[in-house]
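Engineer: If you scroll down you'll find the structure; I have some questions about it.
Just so it is clear, none of the values below were taken in a lab; they were calculated from the coordinates. Everything numeric here is computed off the predicted structure, so don't read it as measured data. Cβ: placed from backbone, ideal geometry, glycine included. Neighbour counts: every protein chain shown.
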Amino acid sequence: MWIVLCSATDASALWAYDGLRQMGLRPLELVTAEALASAAQWKHTLNGGAHLTISLADGRSIYSSAIRGVLNRLTGPAPEMLQRAVSSDRDYVQAEMYAFYLSWIYSLPGVVINRPTPLGLSGPWFHPSEWVYRASRAGLPTPHYRLSGRDPMDEAFGTLAPAGATTLNLITLCGNVYGGYVPASTARGCAGLAESAGTDLLGLSLYLNRDSRWTFAGAMPLPDLTVGGTPLLRALANKLTEGVRA
Amino acid sequence: MILLCGIPSETPLRMVISRLEDMGAQFVLLNQRKFADCDIWLEIADGEVTGELRIGRDTYELEEFTAIYPRLMDDRFLPELAEEPQDSPVRSYCRSFHDALTRWMEISPALVINRCAPMASNSSKPFQAQLIREQGFLVPETLITDDPELVRAFRAKHGRVIYKSISAVRSIVQELSDEDEERLERIRWCPTQFQAYVDGTNLRVHTIGDEAFATAVRTDACDYRYAGKQTGEPAALREVILSEELKEQCLRLSASLGLEFAGIDLKVTPDDEVYCFEVNPSPAFSYYEANAGQPISAGVARRLMSAAAYKDQAALVQGAPLEAIVAI
């Protein structure tokens with residue numbers, strides 16, 4: 001069994017689910033955060049190994065032993081799960097549920113794109129300063145970046161591309177770049193950044209600087225997958241079935 | 001140069017300050033309660049981080065710092081903010097200053113004891129348990145569920161079962177009792193962790209650099225931190241020497257988690273099996289040092305100084321003639 005884990009409102013994941021089904025990846029289950037929030041039973045065990053059983057309210061059961069691969073787009077438990085707690089317990093429940101999700105998703109066998117990290121359930125969400133640092137170390141041209149204790153914190157999260165610049169959104173999956181043509185050195189930098197971040201799949205935003213060089217503008221582990229089109233879907237299907245074919 | 005951050009009167013930080021003073025080390029202390037008189041900025045270009053940190057009237061280049069020991073408390077709860085409204089500029093600056101300081105530490109080439117990212121593995125105990133197991137330690141048999149019947153079956157199988165939180169939110173480890181079973185329906189709202197009780201001797205191992213300090217904790221309490229409350233008797237702590245094999249395993253575990261300094265909670269069973277419960281990435285080691293007399297703070301100070309010495313030696317080598325390099 002393969003699974004697409006996502007929010008019911010994640011249009012990009014739903015597109016990938018349909019596309020992977022059309023490519024013949026079966027059995028493929030769509031398991032949404034909302035369905036997980038109303039699960040009838042959870043059982044996650046650690047002993048010699050880690051195991052998971054989820055009984056969903058719609059009658060489906062998910063056994064980790066039956067899973068061959070997962071496209072993981074979860075960012076956290078659905079808000080409905082937290083609403084059940086009294087307001088004074090809500091922060092505690094949120095921390096506990098996040099910790100639980102991190103553990104059971106990490107425990108899933110087979111290929112998981114992306115495996116969760118403590119910095120994000122679908123891959124690490126670094127601060128822009130760290131993305132820029134890592135991008136620069138990976139060989140991508142980066143804009144001049146400055147951070148000050150006097151800066152309003154919200155301002156740090158905008159795009160690094162100058163207003164009016166030509167931009168390009170790309171996706172790297174296991175060392176290859178999808179969504180547009182860039183010079184080999186840029187593609188290597190993109191792949192290097194994903195490797196440095198420890199993710200199989202990473203979305204990158206680039207812009208053309210004054211020297212007509214593609215320059216780093218941002219990165220995220222949860223990109224719009226449609227950017228990669230059919231070639232990305234094909235690569236995802238190949239990656240998800242890699243272990244099975246071997 | 002060594003940078004220490006936190007509240008100087010906090011016991012672990014105070015102990016490290018004393019050791020660095022004893023060793024004659026040069027260090028800078030950032031008292032986070034004086035955040036209003038501090039400032040930081042940084043720039044990133046060509047993969048290098050540059051900038052300045054101002055503490056009072058003194059300003060330091062960020063590149064000067066070779067080792068950092070952050071013992072920062074949650075800045076939102078600093079006493080200086082107690083009377084500040086939620087939207088006050090002072091509160092806002094406190095947050096943004098600490099945020100920028102922390103962001104710098106995440107990417108600084110200095111030795112940082114510890115960075116935030118590797119510390120985050122402790123935000124999910126069962127996640128961390130899987131990483132621990134990958135390093136060859138046994139972990140207690142664990143069930144996380146929202147089904148009371150599964151818990152009852154788990155207890156029937158194991159006899160003694162404990163329960164505790166799985167996030168970074170601190171909880172007191174408790175043994176599941178008959179009275180607890182009567183309120184098990186409550187777990188339907190939030191899957192809860194239960195573990196088979198492991199009998200044996202508690203061991204806290206502090207790893208720092210290539211050193212390990214092991215403390216045996218003798219108590220009948222499920223949670224020795226609360227031994228007085230749970231059993232009426234405080235836990236008894238004493239220094240023990242680890243086998244070379246177990247010491248190396250502990251050092252490997254800390255390194256695999258990216259932690260320069262860690263407090264590893266072990267239990268050694270009567271059959272000499274070693275279980276690992278968790279790895280604390282910000283250990284309040286003073287309790288162990290005060291009760292078992294182990295020089296853990298000196299180990300932290302030595303590690304901080306070794307990073308400073310390495311940087312100084314590297315700078316020396318870069319500018320030295322060949323004969324001098326051979327002599328070094």
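Engineer: How many percent of DSSP beta bridges within the protein assembly as shown run antiparallel, rounded to 5? Before the final figure, lay out the partial values.
Structural biologist: Working: 82 of 108 bridges.
Of the beta bridges lying entirely in the protein assembly as shown, close to 75 percent run antiparallel.
Engineer: What's the FRET efficiency of B:Thr50 with B:Gln86 using the Cβ-Cβ distance as r and R₀ = 35 Å, to the nearest 0.05? Write out the running numbers ahead of the final one.
Structural biologist: On the way: r = 34 Å, r/R0 = 0.98.
My answer for the efficiency is 0.55.
Engineer: Same structure again: Scale the Cα Rg of region A:128-220 by the rule-of-thumb value 2.2 N^0.38 Å and send over the ratio, two decimals. Before the final figure, lay out each step's value.
Structural biologist: Values: Rg = 12.8 Å, N = 93, 2.2 N^0.38 = 12.3 Å.
My calculation over the Cα atoms of region A:128-220 gives 1.04.
Engineer: Continuing with the same structure: Quick check on the exposure proxy: order B:Lys34, B:Lys247 from fewest to most C-beta atoms within 10 angstrom.
Structural biologist: Details: B:Lys34 14, B:Lys247 17.
Ordered from fewest to most neighbouring Cβ atoms within 10 Å, B:Lys34, B:Lys247 come out as B:Lys34, B:Lys247.
Engineer: Could you put B:Val205, B:Val112 in order, starting from the residue whose Cβ has the fewest other Cβ atoms within 10 Å?
Structural biologist: Values: B:Val205 26, B:Val112 22.
Arranged by neighbour count, lowest to highest, B:Val205, B:Val112 become B:Val112, B:Val205.
Engineer: Using modelled amide H (1.01 Å from N, peptide plane; none on Pro or chain starts), what sits under 5 Å from the amide H of A:Thr117, excluding residues fewer than 5 places away?
Structural biologist: A:Ser122, A:Gly123
Engineer: Scan around B:Ala235 for amide H atoms under 5 Å from its own, H built in the peptide plane at 1.01 Å from N, and keep only partners 5 or more places away or cross-chain.
Structural biologist: Under 5 Å from the amide H of B:Ala235 lie the amide H atoms of B:Ala227, B:Gly228, each far enough along the sequence or on another chain.
Engineer: If you average the alpha carbon positions of region A:1-58 and of region A:196-246, how far apart do those two centres end up, in angstrom?
Structural biologist: Answer, in whole Å: 22.
Engineer: Taking the Cα centre of region B:2-116 as the origin, how large is its charge dipole in debye, to the nearest 20, when only Lys and Arg (+1) and Asp and Glu (-1) carry charge on their Cβ atoms? Display every interim value, and only then the final one.
Structural biologist: On the way: 12 positive and 21 negative charges, 90 e Å.
That gives region B:2-116 a dipole magnitude of about 440 debye.
Engineer: Something else: Which cross-chain or sequence-distant (5 or more) residues have an amide H under 5 Å from the amide H of A:Thr159, H modelled 1.01 Å from N in plane?
Structural biologist: none
Engineer: So, one more: Find how much the distance from A:Glu80 to A:Trp15 grows on full extension, using 0.36 nm per residue of separation minus their present alpha carbon separation; answer in nm with one decimal. Write out the running numbers ahead of the final one.
Structural biologist: Numbers: separation 65, 0.36 × 65 = 23.40 nm, distance 2.40 nm.
Extra length from A:Glu80 to A:Trp15 when fully extended: 21.0 nm.
Engineer: Further, regarding this structure: Going by a ≥ b ≥ c, the root eigenvalues of the Cα gyration tensor, does region A:56-193 fall in the rounded group (a/c under 1.5), the prolate group (a/b larger than b/c) or the oblate group?
Structural biologist: On the way: a/c = 2.68, a/b = 1.43, b/c = 1.87.
It is oblate, given that a/c is not under 1.5 and a/b is not larger than b/c.
Engineer: No solvent, one uniform scatterer per C-alpha: report log10 I(q)/I(0) for chain B via the Debye equation at q = 0.07, 0.15 1/Å, two decimals.
Structural biologist: -0.36, -1.29
Engineer: If you line up the long axis of helix B:11-22 against the longest principal axis of chain B, both from Cα atoms, how many degrees apart are they, to the nearest 10?
Structural biologist: Once rounded, the angle reads 40 degrees.
Engineer: Please express the Cα-Cα pair-distance distribution P(r) of region B:1-131 as a list of whole percents, one per 10 Å bin, running from 0 to the bin with the greatest distance.
Structural biologist: Bins of 10 Å from zero give 11, 38, 35, 15, 1 percent of pairs.
Engineer: On to the next question. Apply the Karplus curve 6.51 cos²θ - 1.76 cosθ + 1.60, θ = phi - 60°, to the phi angles in region A:66-80 and return the couplings in whole Hz, x for Gly and Pro.
Structural biologist: 9, 8, 9, x, 9, 9, 9, 10, 7, 10, x, x, 5, x, 4
Engineer: Indicate, rounded to the nearest 5 percent, the antiparallel portion of the DSSP beta bridges found entirely in chain B. All intermediate terms of the calculation are to be shown ahead of the outcome.
Structural biologist: On the way: 48 of 61 bridges.
Among the beta bridges of chain B, antiparallel pairing accounts for roughly 80 percent.
Engineer: Where does each of A:Leu208, B:Leu111 land when they are ranked from fewest to most other beta-carbon atoms within 10 angstrom? Spell out each step's value before the answer.
Structural biologist: On the way: A:Leu208 15, B:Leu111 22.
Sorted ascending by nearby Cβ count, the order is A:Leu208, B:Leu111.
Engineer: Could you state the per residue volume, in Å³, of the convex hull enclosing the Cα atoms of region B:225-292?
Structural biologist: Working: hull volume 7.8 nm³, N = 68.
Output value, Cα hull per residue: 115 Å³.
Engineer: Another question, if that's okay. Tell me, what are the semi-axes, in whole angstrom and largest first, of the equivalent ellipsoid of the protein assembly as shown as set by the roots of 5 times the Cα gyration tensor eigenvalues?
Structural biologist: Details: eigenvalues 272, 265, 104 Å².
Semi-axes from the Cα gyration tensor: 37, 36, 23 Å.
Engineer: Which whole-number percent of Cα pairs in region A:6-137 have a distance greater than 18 Å? Could the numbers behind the result be given before it?
Structural biologist: Working: 5264 of 8646 pairs.
Of all Cα-Cα distances in region A:6-137, 61 percent exceed 18 Å.
Engineer: For region B:2-116, what proportion of DSSP beta bridges, expressed in % and rounded to the nearest 5, is antiparallel?
Structural biologist: Working: 12 of 24 bridges.
Bridges in region B:2-116 that DSSP calls antiparallel: roughly 50 percent.
Engineer: Assigning unit charges at the beta carbon (Lys, Arg +1; Asp, Glu -1) and nothing else, what dipole magnitude in debye, to the nearest 20, does the protein assembly as shown show about its Cα centre?
Structural biologist: Numbers: 53 positive and 70 negative charges, 240 e Å.
About 1160 debye.
Engineer: A follow-up question, please. Within a 10 angstrom radius of each residue's Cβ in B:114-126, how many Cβ atoms of other chains show up on average? Whole number is fine.
Structural biologist: Details: counts 0, 0, 3, 6, 1, 1, 5, 3, 2, 6, 12, 4, 11.
Whole-number average of other-chain Cβ neighbours for B:114-126 is 4.
Engineer: Also: Round to the nearest 0.05 the FRET efficiency obtained for A:Ser7 and B:Thr59 when R0 = 45 Å and r is the Cβ-Cβ distance. The partial results should precede the final answer.
Structural biologist: Numbers: r = 47 Å, r/R0 = 1.04.
It comes to 0.45.
Engineer: Read phi for every residue in region A:143-154 and hand back ³J(HN,Hα) as whole Hz from Karplus 6.51 cos²θ - 1.76 cosθ + 1.60, θ = phi - 60°, with x for Gly and Pro.
Structural biologist: Karplus values, whole Hz, x for Gly and Pro: x, 4, 10, 9, 9, 10, x, 8, 6, x, 4, 4.
Engineer: So, one more: Across the protein assembly as shown, how many lysine pairs separated by 8 or more positions, or lying on different chains, have Cα atoms within less than 19 Å? Could you put the intermediate results ahead of the total?
Structural biologist: Numbers: A:Lys43/B:Lys125; A:Lys43/B:Lys157; A:Lys43/B:Lys164; B:Lys125/B:Lys164; B:Lys125/B:Lys267; B:Lys164/B:Lys229; B:Lys164/B:Lys267; B:Lys247/B:Lys267.
Taking the protein assembly as shown as the scope, the lysine pair count is 8.
Engineer: Can you give the angle from 0 to 90° between the axis of helix B:296-318 and the longest principal axis of chain B, with both taken from C-alpha atoms, to the nearest 10?
Structural biologist: 40 degrees
Engineer: Here is a follow-up. Enumerate the whole-percent occupancy of each 5 Å bin, from 0 to the last occupied one, for all C-alpha pair distances of chain A.
Structural biologist: Reading the bins upward from 0: 1, 6, 13, 16, 17, 15, 12, 9, 6, 3, 1, 0.
Engineer: Here is a further query. With an 8 Å Cα cut-off and a minimum separation of 6 or more residues, compute the relative contact order for chain B in percent.
Structural biologist: Numbers: 542 pairs, mean separation 57.0, N = 328.
The value is 17 percent.
Engineer: Set the Förster radius R0 to 51 Å, insert the Cβ-Cβ distance between A:Ser148 and B:Glu179 as r into 1/(1 + (r/R0)^6), and round the FRET efficiency to 0.05. Intermediate values should be presented prior to the final figure.
Structural biologist: Values: r = 55 Å, r/R0 = 1.08.
Computed FRET efficiency for A:Ser148 and B:Glu179 comes out at 0.40.
Engineer: Then there is this: Can you tell which of B:Pro12, B:Pro79, B:Pro118 shows the greatest fluctuation in a Gaussian network model of chain B with Cα springs below 10 Å?
Structural biologist: B:Pro79
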